[in-house]
Each structure stands twice: as C-alpha cells, then as structure tokens.
Amino acid sequence: MTQQDLGQILGHPKSYMSELKNGVSQFRLKKLVIIHRLLEISLKTLISTYLQSETRDKVRESIEKLNKPKLRLRKTEIA
C-alpha cells in the first residue's frame, strides 16, 4: 500500500498525507482507528501515551492542589 493509497482510504490528498507523515499535522483518533483496523497495528503502537516533562509537572501540580492522595500519574512512560 502506498501513501497515496492510504490517503485515498482516509479521504486525504497526497499533500496532507505528507504533512501527517512529517508531523506537520496530527492524525485524528478516528483515522488512527481506521489504520489500526486496516493494517492490524495495535493502538498502543499508534498512540503514544508519553507525556513531556513540562506536561507531567503541570498535571502533578494540579493534582497536589486538589489534595487527593490516591490521584496520581501512573509511571507508564519511558524516561
């Protein structure tokens, strides 16, 4: 399957597929689900759950303000 074939299936022109491939635009969840089902690629592979350190810090800060000890980020990301 070519990039152009996948673009046709997803309803995107070749230029937009290039933007997706190069990270200029982001895939929408619906399109990732189509790719998952079409190419049998696990969603875990397609959707990164990694949070950048700045985002993790902001979330932790917000949780601390809520004063909910049981609420925390799970350490599933690498790094």
Candidate set from segment 12-34 (those that are within 13 Å of the chain's Cα centre (by Cα) and of a type in the set (A, V, I, L, M, F, W, C)); member that is surrounded by the fewest Cβ atoms within 10 Å (Cβ to Cβ): 29
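Considering only segment 12-79, give the helices (runs of 4 or more DSSP H) lying wholly within it that have at least 1 residues that are among the basic types (Lys, Arg) and at pLDDT 95 or above.
Working: elements: 14-21, 29-39, 43-46, 53-66.
Where helices (runs of 4 or more DSSP H) fall fully within segment 12-79 and carry at least 1 residues being among the basic types (Lys, Arg) and at pLDDT 95 or above, they are 29-39.
The values are calculated or read from the model by the stated rules, or taken from the named source; none is laboratory data. Here the structure is a predicted model, which means the values were calculated and not measured. Every residue, glycine as well, gets a Cβ built from its backbone with ideal geometry; the counts of neighbours run over all protein chains shown.
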